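Data first, discussion second: the structure below is written as structure tokens.
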Amino acid sequence: MSQNIIQNAFQALASNDPDRISAVLTEDAEWLSPPGNHAAVALGVTHHMVGREAIVRFFSQDFPRLYARDVAVTFYGVHVDGERVAVEAAITATLANGNHYSNDYCFVVELRDGLIHRVREYVDTARGLRMVFGEVPR
């Protein structure tokens, strides 16, 4: 059951549709990405989003400004332990600058009542920065 919830949630997040995104999150949801990650740096946004509204805004408005088209998520593994789910995935896309983006991720997702309550995202930040900026900004 949790595996289906996760796959549906990731499809909603990639849709850029605020109503679909909102429907998979608790009101007090949190999304924690690594500080200095490529998306936060490129978009000038926080790496720690708190609340459904902030997460919906990021995925419906900010995310498409960086990941312009061809966004795809490939799941390598979804490992369920009750309401905690570890997701191994790759994300590919064409960036707004025309560069190809491809990076591996691990998401630790905490569910509450079938909705995403907290996500801790792990990603190779240096690789992401190189793909967005051509080199790691200092």
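The values are calculated or read from the model by the stated rules, or taken from the named source; none is laboratory data. Just so we're clear, the structure is a prediction, and the values are computed from it rather than from any experiment. So basically every Cβ, Gly included, is an ideal-geometry build from the backbone, and we count neighbours across all protein chains shown. SASA here: full protein model, heavy atoms, side chains in, ligands and nucleic acids out. Shrake-Rupley method; radii C 1.70, N 1.55, O 1.52, S 1.80 Å.
Structural remarks
- Count of the range 28-58 residues which are over 14 Å from Thr125 (Cα atoms) and of a type outside the set (Asp, Glu): 16
- Gly98 outside any loop (DSSP other than H, G, I, E, B) and out of contact with any helix residue (DSSP H, G or I) (no Cβ under 7 Å at 6 or more places or on another chain): no
- Single unsatisfied condition, Pro64 versus (1) in a strand (DSSP E or B); (2) out of contact with any helix residue (DSSP H, G or I) (no Cβ under 9 Å at 6 or more places or on another chain): (1)
- Residue within the range 67-77 that is among the β-branched types (Val, Ile, Thr) and modelled with pLDDT of 95 or more present: no
- If the condition is being acidic (Asp, Glu) and modelled with pLDDT of 95 or more, then the range 78-88 contributes only Glu88.
- Qualifying residue in the range 21-35 (condition: open to solvent by less than 60 Å² (accessible area, probe 1.4 Å) and under 19 Å from Asn97 (Cβ atoms)): no
- Single unsatisfied condition, Gly134 versus (1) more than 25 Å from Asp19 (Cβ to Cβ); (2) surrounded by 14 or more Cβ atoms within 10 Å (Cβ to Cβ): (2)
- Within the option set Ala93, Ala86, Ala68, Ala72, being under 13 Å from the mean Cα position of the chain (by Cα) and surrounded by fewer than 17 Cβ atoms within 10 Å (Cβ to Cβ) holds for one residue only, Ala72.
- Positions within the range 1-10 being outside any loop (DSSP other than H, G, I, E, B) and either more than 20 Å from Tyr67 (Cβ to Cβ) or more than 11 Å from the chain's Cα centre (by Cα) (or both), in sequence order: Ser2, Gln3, Asn4, Ile5, Ile6, Gln7, Asn8
- Only listed residue being small (Gly, Ala, Ser) and in contact with a Cys (Cβ under 9 Å, 6 or more places away or on another chain), chosen from Ala86, Ala23, Ala72, Ala14: Ala86
- Tally, over the range 14-45, of residues that are outside any helix (DSSP H, G or I) and either out of contact with any Phe, Trp or Tyr (no Cβ under 9 Å at 6 or more places or on another chain) or touching a residue at least 24 places away in the same chain (Cβ under 8 Å) (or both): 18
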